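Notes to accompany the following structure.
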Amino acid sequence: MKLLIMLVPMLMIGCDGSDGSRESFTLHADADGDSCDAPSHMLNADETTSNCSCPTGFTRVGFTRSLRLDRLEVVCLQD
């Protein structure tokens, strides 16, 4: 129990963004159902996912590999 009490405050450090950190995540599809992933061999992934948009307060910043290694997913970064 003592270990749990010590870990909780450590896990919460930096969660409020006051340290300059910003939240990011990847999208497979946006809220409208538009695809946000593309085959990893495509050079025009931006065109393939042009209808994909990040939620309000987040900006589309690039791509990263998805759980399927042959796909790329859009990365959204907090403004």
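Read-outs throughout are calculated quantities, based only on the coordinates presented, and are distinct from any laboratory measurement. Here the structure is a predicted model, which means the values were calculated and not measured. Cβ coordinates were reconstructed from backbone atoms using ideal geometry, including for glycine residues, and neighbour counts include every protein chain displayed.
The amide H of Phe25, built 1.01 Å from its N in the peptide plane, has Cys76 as neighbours under 5 Å, considering only residues 5 or more places off or on other chains. In order along segment 55-71, phi translates into HN-Hα couplings of x, 4, x, 10, 10, 6, 10, x, 9, 9, 5, 8, 4, 7, 5, 8, 10 Hz, rounded to whole numbers, per the Karplus curve 6.51 cos²θ - 1.76 cosθ + 1.60 with θ = phi - 60° and x for Gly and Pro.
For a paramagnetic label modelled on Ala29 (point 7 Å from Cα along Cα→Cβ), amide N atoms under 15 Å away belong, within segment 56-79, to 74.
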